[in-house]
Amino acid sequence: MAIDTTIWDADLDAMINDLPVSAVFVDQTVVCNKTVLSADDRAADAGLLEDYVFSLHSSSADWTEGEPEIGDLITIDSAEYRVLRKSGDVVGLRLDMGAKYTSR
């Protein structure tokens, strides 16, 4: 039986529309929501996110030209950030971002 993701899609859209930020990857611009992980979430992966700055949340379907991968650069407000970690599900995608020149 297929899962109806209509409510999840609507919740994610509402979150993105509340505090939108435009993320540019290659030749596509995707409207995302920007959040910060809690200290516990950052500490869960020792060293992995030491250069963590913020997370981007978006609909998976919005990345029509292909999703960013770990290590890719995304531009937000004329500044470049590097994808440190990527996680997603049938509805959304979360990209944990770090400074362009991380120690990794």
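If you filter region 70-104 down to residues that are among the charged types (D, E, K, R) and more than 28 Å from Ala10 (Cβ to Cβ), you find that the one that is farthest from the chain's Cα centre (by Cα) is Arg104. Looking across Glu67, Glu50, one residue alone is within 23 Å of Trp8 (Cα to Cα) and modelled with pLDDT under 95. It is Glu67. For region 16-26, the condition holds for at least one residue, the condition being that it is of a type in the set (D, E, K, R) and modelled with pLDDT under 90. Of the residues contained in region 86-93, one or more are found to be crowded, with 17+ Cβ neighbours inside 10 Å and at pLDDT below 85.
Of everything in region 1-38, what is within 14 Å of the chain's Cα centre (by Cα), exposed (fewer than 13 other Cβ atoms within 10 Å of the Cβ) and more than 21 Å from Gly98 (Cβ to Cβ)? Give them in sequence order. Correct list: Pro20 only. Residues in region 54-81 that are outside any strand (DSSP E or B) and among the hydroxyl-bearing types (Ser, Thr, Tyr) were compared, and the one that is farthest from Pro20 (Cα to Cα) is Thr64.
Of these, Arg42, Arg104, which one is modelled with pLDDT under 90, in contact with a Leu (Cβ under 9 Å, 6 or more places away or on another chain) and assigned to a loop (DSSP other than H, G, I, E, B)?
Details: Arg42 fails: assigned to a loop (DSSP other than H, G, I, E, B).
When all the criteria are applied, what remains is Arg104.
Sort out which residues of region 65-88 are of a type in the set (S, T, N, Q) and under 11 Å from Phe25 (Cβ atoms), and write them in order of number. Of everything in region 65-88, just one residue is of a type in the set (S, T, N, Q) and under 11 Å from Phe25 (Cβ atoms), namely Thr75.
The values are calculated or read from the model by the stated rules, or taken from the named source; none is laboratory data. Keep in mind that what you see is a predicted model, and the values were worked out from it rather than measured. Cβ atoms come from the backbone with ideal geometry, glycine included; neighbour counts cover every protein chain shown.
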